[in-house]
Amino acid sequence: MCRGGRLTALLACLCGVHIVFAPSANANDDQPLWKLPPEVIRDQVSRSVSAGASLKPSAWPNGAKVAVSLSFDLDTEALWLGFYKQSSASYISRGVYGARVGMPRILSLLDEHKIPATFFTPVMSMVLHPDTLQQLLARPQHELAFHSYVHESVNEFKGDEERETYEAALAKFTELTGKRPVGFRSGAWDLSPQTLGIVQDLGFLYDSSLMADDDPYMIVADGVASGIIELPIEWMLTDTPFFQGQWVNRLSPVKATAEVFAIWAEEFDAAYRDGGMFILVLHPQVIGRRPRIELLDRLITHMKSKPGGVWFATHEQIARHVK
Ligand SMILES: [Zn+2]
């Protein structure tokens, strides 16, 4: 009764996950999903990459009430080249802004507040912006983590391309930074059917691309714990949907910083009351504009005002704590 092909693609679309299973000899790609009994659909979903045990700890270091980790996806030109297939001057200039304007403001703000952060960086961002890389390497409190080769989508790879690309990109990343990264975030914030196995084989400690919880959890595949810790993210807890005025081929509204502060502060306050984790994913080309850096300053100041304390940590520090 198990059916593959079109059903796999449909389930992947519906669930936001990629499902790996072998079609049976009787596979019928024309069978609509709604004609399948619940057990068949449940069986197929259970074979996907999914969420296992919660890894929310009973306590954070030094008795802190909440753990906060700021992510910066240092996408630069790689985002437009690799993900959106745009290479004209206007798009490239938007990538340049992140390294040229956003990053100095971000690093200065983090220095001022004396807090660490994690920078998910495509290899090509480091190649294109060696000065920015040096500014990061001069601040060893920050973590550099893996974020694709040239911000390609994992769903575009064919055959062994994904494994070959990431093996080579990881070697180049390690050469450029002098340290092998332990954190992985897919450029597409998604995993292909091969990605998790590659992440395991390349020795990563954690992934931060998925969204099945508020707090850290163990990724399972085929119902078995993978050993890879997930530090989940969320579209509401990133800057792009609120502030990216024109993406590609579509417009999105730009929000006032006061409105976004209210949303993020409310999310943080609830994480604080719950003793959980708060991850905010930011992009230098988006959060780096003047009023938005001031927004981030206000948010960090708000976090620091909480009694009992906040543990500001890198993603790696949180993953090692909850492991
Ligand atoms: Zn990115």
*In this structure, does I279 turn out to be within 19 Å of H321 (Cα to Cα), β-branched (V, I, T) and touching a Gly at 6+ places or on another chain (Cβ under 9 Å)?*
no
*For residues in the stretch 166-181 being over 23 Å from S69 (Cα atoms) and within 16 Å of the ligand (Cβ to nearest atom), which is surrounded by the fewest Cβ atoms within 10 Å (Cβ to Cβ)?*
A169
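Yes/no matrix, rows are residues, columns are (1) free of Cβ contacts under 8 Å to residues at least 60 places away in the same chain; (2) within 14 Å of the ligand (Cβ to nearest atom); (3) over 29 Å from Q194 (Cα atoms):
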{"position": "A89", "(1), (2), (3)": "yes, no, yes"}
{"position": "S93", "(1), (2), (3)": "yes, no, yes"}
{"position": "R105", "(1), (2), (3)": "no, no, yes"}
{"position": "S108", "(1), (2), (3)": "yes, no, yes"}
{"position": "K114", "(1), (2), (3)": "yes, no, yes"}
{"position": "Q135", "(1), (2), (3)": "yes, no, yes"}
{"position": "A138", "(1), (2), (3)": "yes, no, yes"}
{"position": "V150", "(1), (2), (3)": "no, yes, no"}
*Can you confirm whether the stretch 187-194 contains a residue that is touching a residue at least 24 places away in the same chain (Cβ under 8 Å) and not in a loop (DSSP other than H, G, I, E, B)?*
no
_Restricting to the stretch 152-186, name every residue that is farther than 18 Å from K85 by Cβ and free of Cβ contacts under 8 Å to residues at least 24 places away in the same chain._
G159, D160, E164, A168, A171, T174, E175, R180
*Kindly indicate the residue of the stretch 82-102 that is in contact with a Phe, Trp or Tyr (Cβ under 8 Å, 6 or more places away or on another chain) and not small (G, A, S) and also surrounded by the fewest Cβ atoms within 10 Å (Cβ to Cβ) among those meeting that condition.*
Y84
_Just to be sure I understand, how many residues within the stretch 57-86 are modelled with pLDDT under 95 and not in a helix (DSSP H, G or I)?_
3
_Are there helices (runs of 4 or more DSSP H) fully within the stretch 214-323 with at least 3 residues that are at pLDDT below 95 and over 30 Å from Q200 (Cα atoms)? List them._
240-243
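Tally the residues that are outside any helix (DSSP H, G or I) and either polar (S, T, N, Q) or surrounded by 22 or more Cβ atoms within 10 Å (Cβ to Cβ) (or both), restricting the search to the stretch 140-165. Before you say what the answer is, go through the steps one by one.
Of the stretch 140-165, the ones outside any helix (DSSP H, G or I) are 140-153, 157-160.
Subset that is either polar (S, T, N, Q) or surrounded by 22 or more Cβ atoms within 10 Å (Cβ to Cβ) (or both): 141, 143-148, 151-153.
The total comes to 10.
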*asked:* Quick test for you: out of G178, G187, pick the one residue that is within 23 Å of L280 (Cα to Cα) and in the same structural domain as M218 (by TED's automatic domain parsing).
replied: G187
_Meets criteria (within 16 Å of the ligand (Cβ to nearest atom) and within 16 Å of the chain's Cα centre (by Cα)) for F184_ = yes
*Filter the stretch 116-127 for residues that are among the aliphatic types (A, V, I, L, M) and away from the ligand (no atom under 14 Å from the Cβ); which is farthest from the chain's Cα centre (by Cα)?*
V127
_Test: residue in the stretch 239-261 that is in the same structural domain as S192 (by TED's automatic domain parsing), surrounded by fewer than 22 Cβ atoms within 10 Å (Cβ to Cβ) and under 15 Å from R185 (Cβ atoms)_ = yes
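The values are calculated or read from the model by the stated rules, or taken from the named source; none is laboratory data. Predicted, not measured: the structure shown is a model, and the values here were computed from it. So basically every Cβ, Gly included, is an ideal-geometry build from the backbone, and we count neighbours across all protein chains shown.
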